[in-house]
Number of protein chains: 2
Amino acid sequence: MEEIIEHPVVEGMEERKRSETSSFLESLSEHRSTQSNTHGSTQSSQRLLAYSDALISIIATVMILPVAHTKIGEDEELKESVQVLLTTKIGVYLMTFLIVTVAWAAHVRLFQVIVRIDDCLALLNLACMMLITFLPYTFSLMATFPENHLGILLFCGCVMVIGLIQALVVVYAFSRPFLLKEQIQTSEDLKVYKHHILQVILKVPVMCFLASIFSFIFLQLSYVLLAMVIFLPYISQFLKWCRSKATGEEETPDPEPLYQASEPLSKERLEAFSDGVYAIVATLLILDICEDNVPDRETVKTVYNGSLVSALSDYGPEYLAYFGSFVTVGLLWFVHHSLFLHVTKTTRFMGLLNAFSLAFVGGLPLAYQLTHEFPRNSNNELEAIQVSCVIIFFAGINQLGIWVVALYSEQETLHRYVRYAGRDHIFMLAKLALYPCVALGTFFLTCILSQFSASIFHLMEITVPLAFLVLRLLVRVALAGLRLVFCPERAIPRTILEEEQDALVT
Amino acid sequence: MEEIIEHPVVEGMEERKRSETSSFLESLSEHRSTQSNTHGSTQSSQRLLAYSDALISIIATVMILPVAHTKIGEDEELKESVQVLLTTKIGVYLMTFLIVTVAWAAHVRLFQVIVRIDDCLALLNLACMMLITFLPYTFSLMATFPENHLGILLFCGCVMVIGLIQALVVVYAFSRPFLLKEQIQTSEDLKVYKHHILQVILKVPVMCFLASIFSFIFLQLSYVLLAMVIFLPYISQFLKWCRSKATGEEETPDPEPLYQASEPLSKERLEAFSDGVYAIVATLLILDICEDNVPDRETVKTVYNGSLVSALSDYGPEYLAYFGSFVTVGLLWFVHHSLFLHVTKTTRFMGLLNAFSLAFVGGLPLAYQLTHEFPRNSNNELEAIQVSCVIIFFAGINQLGIWVVALYSEQETLHRYVRYAGRDHIFMLAKLALYPCVALGTFFLTCILSQFSASIFHLMEITVPLAFLVLRLLVRVALAGLRLVFCPERAIPRTILEEEQDALVT
């Protein structure tokens, strides 16, 4: 066994020496593939996890589709329909998102212990994925028929089977220790770890089993049980974090540090999951456009007198909505990307803030679609634009939250060079603050100048990408300006010019 | 500049020594993130490319949605409606898939030269992505109104802007050589490379510009021009490959080996793109189910007398279709995953076969949905089942094709240890051949026993995952059996038993 694990490292070193001239990234990838192939049946888990992340991120955002496809009548006021949406479909969407995120986090933790896979584990994981993708549907049944115990039974059934498959995965992996993380592999109390992990994993199915039994006796109690199961890790984590920050005491390190709820999530998997969500959300509107907005040959002939241009110009608002939402989601991804370049480890709380941010991002295409659907200067249009601003604001402010939380415990979570470099700090802060500030500004401007709301919103759509392009320059000019105002003796004009040149070069 | 590039390697080495005890994969990831952060504005391109791959794979499969949502009337014969589908929507889907794959391949080649990015490149790339995601729509306009030149103008416009943005990316990257691949960075004729790459990239926009001018004069010619642009790289590559195989001659190495059409595609990006397609396709049906198949409270009260169970049992075929398609797509992903564990480099031709395989996989959910939509033992059901078998067969046979092509030039494309190890070869072949064989078998069985077609199909759905689980065992038993038959003196019963035990352990 030892030989199997040590082999790749040695070979990797060789390869590194060999590939001095070729690209560093290339050597890295060769590296990884070498490592993944040292044993015929043992493989690196990387691609399996990437595929799982892609599946789970699609499923997390799926419940936005029923929301997006709800037709709002022309005569109805948006306010009422928004209230109807808010109570049921948006609620289902947000809950689904959180539930799937909890399932995803459990999956991440499990595969932080099991770092290599073989065919059998890959197939078991696929079975697990299939059941996770079915969770949103059972949940929406539960939300539509809260008094019927079929929804809760289906949901609990899925969760129990998922738990059993995960238990099977753990038992299987511990019977082949070379699949495990090195730290556990070399430790002597393998059995203790196994029992501990099984205990943690089987807690949820057992709770669900109880909930499904209670659903026959006292339905409300089973809902309470379920809510406890799902949100307990987040709530307890949040409380612990608050307490440790409030009292200033260090958290007492747990005796078994390998499978704790407070263990940081894998940064790479968090990135992969976020990428999946951003990608799906960015393309949601084009999916609809490709399906619905190709005009019929007959319609063009009869309604538009054969003029395709006029037929397409009727769809104008849809294209505009698509470009607007793509740009906004793309730029929020860009900020997320920049943020996580500085992060080395993601704590649970950062993961929670990230989930909130992603959940708001998921609502963006819908909001953008609404802004272009109503007649100009109507009350509906104004409200749709304000809802968009609020969503952008919360998506951005949660990203800012991640950064603030990371700064709180920068020793663990941030790269060494970020901790002391003032300018990078300010630049990052500017990037993160741009969207919340602009959204807030647009919101209040549309409140005051309500008859120009659409123009203000379009102006925002156009200026924000440009602002990102010249952000580095803007920040430096602003800093130089501030310095000029507050300590004029230090800010010699030459330095400012130099810095601007600097900004243009980098 | 030198310092910026050398730094990460040195730091990586340090980190490696430091993390002797921690997991190898962990050290790899730390590694990568360290490397990506040595310069405030320079970053590893990895995550940007992963996000691009996710976006492009979603867009490649998007045109299957209009096909999947076409309602087929009960009285209509499937044959006729299938023919209608085949001529327009499926054609549009396949063409879109190929066009997007071509755009993706161009993107891969570009970012094989540019291996690091900064904020400006990230934003330019997002703009490029936005236009690529718009291509399917312009193409479907072109297909619906072939005699109108608006579609072709829009398409050419998009391609031209994409080309210009890519040219901008190249100019920008060459003005900051530390963003480039080391091989080019250190070479002296940087300008020659730049002009060569610009030439290759701008060829397509220029052709599109010509096509858009011709569209006013002679529409058919512009279509010919477009077809040339899009399929030229594939066709020329295929012809070159055929010729070199037919004549047995080695391909003459090109004088500028860095940006040639025959340059292998990045294996990792091919995997990421495939993962995205498999993930979207696997969840296509659950997206529909979550949106459409949650029964209304009113409907359940009035139609089903308040019985939710009977309301849901009406959707039974949809769930079955979902599970069937998820399992099939999941297992095809599994085969793809196993296959690419052995591959080190992917040639263009392998990429083409992969694209074909993925295009067929995209049709699977649709086919599965059809198999469960028709009444039992109808002619429609039989044909839907046979179409499913054909699609599975082609998806599988193209994967097998990738393996065969890889074996042809195994020196470049396969891992060292695969080249000589007979047993791994046979096992891989069994994995790849399982789906085509089963699909073919099911097809002919349903031809003969047409009244049991549904049962045969369901049996296949259940047995194939089990077959994958015990495949290693099956192959060894089969091999031992063959040996027993053909050379009984070598096959001592003890060895077979030992091998079986071996198979159970690994």
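The values are calculated or read from the model by the stated rules, or taken from the named source; none is laboratory data. Just so it is clear, the model here is predicted, and its values are computed rather than measured. Here Cβ is always computed from backbone atoms with ideal geometry, including for glycine, and neighbour counts include all displayed protein chains.
See the values below:
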item: In region A:434-463, the residues that are more than 16 Å from A:Ile385 (Cα to Cα) and surrounded by 17 or more Cβ atoms within 10 Å (Cβ to Cβ); result: A:Leu434
item: Residue list for region B:93-123, filter: facing chain A (nearest Cβ under 9 Å) and hydrophobic (A, V, I, L, M, F, W, C); result: B:Val115, B:Cys120, B:Ala122, B:Leu123
item: The one condition in (1) part of a loop (DSSP other than H, G, I, E, B); (2) under 20 Å from B:Arg47 (Cβ atoms) that B:Ala272 fails to fulfil; result: (1)
item: Single unsatisfied condition, A:Glu271 versus (1) under 30 Å from A:Ile197 (Cα atoms); (2) more than 7 Å from every other protein chain (Cβ to nearest Cβ); result: (2)
item: Answer residue from region B:297-306, given it is under 23 Å from B:His372 (Cα atoms) and not in a helix (DSSP H, G or I) and is nearest to the other protein chains (Cβ to nearest Cβ) among those; result: B:Tyr304
item: Residue among B:Ile184, B:Ile162 that is part of a helix (DSSP H, G or I) and at the interface with chain A (Cβ under 10 Å from one of its Cβ atoms); result: B:Ile184
item: Qualifying positions in region A:115-127 - aliphatic (A, V, I, L, M) and either in contact with a strand residue (DSSP E or B) (Cβ under 6 Å, 6 or more places away or on another chain) or within 16 Å of A:Phe273 (Cα to Cα) (or both); result: A:Ile117
item: Matching entry among A:Leu153, A:Leu168, A:Leu198 (being surrounded by 15 or more Cβ atoms within 10 Å (Cβ to Cβ), at pLDDT 85 or above and under 30 Å from B:Asp292 (Cα atoms)); result: A:Leu153
item: Scope region A:139-148; condition surrounded by 19 or more Cβ atoms within 10 Å (Cβ to Cβ) and more than 10 Å from chain B (Cβ to nearest Cβ); matching residues; result: A:Met142
item: The listed residue being surrounded by 22 or more Cβ atoms within 10 Å (Cβ to Cβ), modelled with pLDDT under 85, within 30 Å of B:Asn293 (Cα to Cα) and not small (Gly, Ala, Ser), out of B:Leu366, B:Leu332; result: B:Leu366
item: Conditions (1) surrounded by fewer than 24 Cβ atoms within 10 Å (Cβ to Cβ); (2) within 13 Å of the chain's Cα centre (by Cα): number failed by B:Leu358; result: (1)
item: Residue selected from region B:77-90 under the condition surrounded by 13 or more Cβ atoms within 10 Å (Cβ to Cβ) and more than 14 Å from chain A (Cβ to nearest Cβ), by the criterion modelled with the highest pLDDT; result: B:Ile90
item: Test result for A:Ala367, part of a helix (DSSP H, G or I), under 20 Å from A:Val404 (Cα atoms) and more than 13 Å from chain B (Cβ to nearest Cβ); result: no
item: Single residue of A:Pro264, A:Pro295 found to be modelled with pLDDT of 70 or more, touching a strand residue (DSSP E or B) at 6+ places or on another chain (Cβ under 6 Å), more than 19 Å from B:Leu48 (Cα to Cα) and not basic (Lys, Arg); result: A:Pro264
item: Qualifying positions in region B:34-71 - more than 9 Å from every other protein chain (Cβ to nearest Cβ), closer than 12 Å to B:Tyr93 by Cβ and at pLDDT 75 or above; result: B:Ala60, B:Thr61, B:Ile64, B:Val67
item: Count of residues meeting criterion [in a loop (DSSP other than H, G, I, E, B) and among the β-branched types (Val, Ile, Thr)] in region A:336-353; result: 2
item: Unmet requirement for B:Ala421, which otherwise passes all of (1) of a type in the set (Gly, Ala, Ser); (2) at pLDDT below 85; (3) surrounded by 18 or more Cβ atoms within 10 Å (Cβ to Cβ); result: (3)
item: Residue match in region A:349-360 (condition: among the hydrophobic types (A, V, I, L, M, F, W, C) and touching a His at 6+ places or on another chain (Cβ under 7 Å)); result: no
item: Residue match in region A:370-385 (condition: modelled with pLDDT of 85 or more, more than 19 Å from A:Val475 (Cα to Cα) and either among the polar types (S, T, N, Q) or outside any helix (DSSP H, G or I) (or both)); result: no
item: Unmet requirement for B:Leu400, which otherwise passes all of (1) more than 14 Å from chain A (Cβ to nearest Cβ); (2) within 14 Å of B:Gly324 (Cβ to Cβ); (3) surrounded by 18 or more Cβ atoms within 10 Å (Cβ to Cβ); result: (2)
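Yes/no per residue for (1) out of contact with any Ser or Thr (no Cβ under 9 Å at 6 or more places or on another chain); (2) outside any loop (DSSP other than H, G, I, E, B); (3) of a type in the set (A, V, I, L, M, F, W, C); (4) within 9 Å of chain A (Cβ to nearest Cβ):
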site: B:Tyr278; (1), (2), (3), (4): no, yes, no, yes
site: B:Ile286; (1), (2), (3), (4): no, yes, yes, yes
site: B:Pro295; (1), (2), (3), (4): no, no, no, yes
site: B:Ala311; (1), (2), (3), (4): no, yes, yes, no
site: B:Tyr319; (1), (2), (3), (4): yes, yes, no, yes
site: B:Val327; (1), (2), (3), (4): yes, yes, yes, yes
site: B:Gly330; (1), (2), (3), (4): yes, yes, no, yes
site: B:Phe334; (1), (2), (3), (4): yes, yes, yes, yes
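Listed here are the residues, each with its yes/no results for (1) among the hydroxyl-bearing types (Ser, Thr, Tyr); (2) over 26 Å from B:Gly401 (Cα atoms); (3) in contact (Cβ under 8 Å) with a residue 40 or more places away in the chain; (4) within 14 Å of another protein chain (Cβ to nearest Cβ).
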residue	(1), (2), (3), (4)
B:Cys437	no, no, no, no
B:Thr442	yes, no, yes, no
B:Cys447	no, yes, yes, no
B:Ser450	yes, yes, yes, no
B:Ser455	yes, yes, no, no
B:Met460	no, no, no, no
B:Val464	no, no, yes, yes
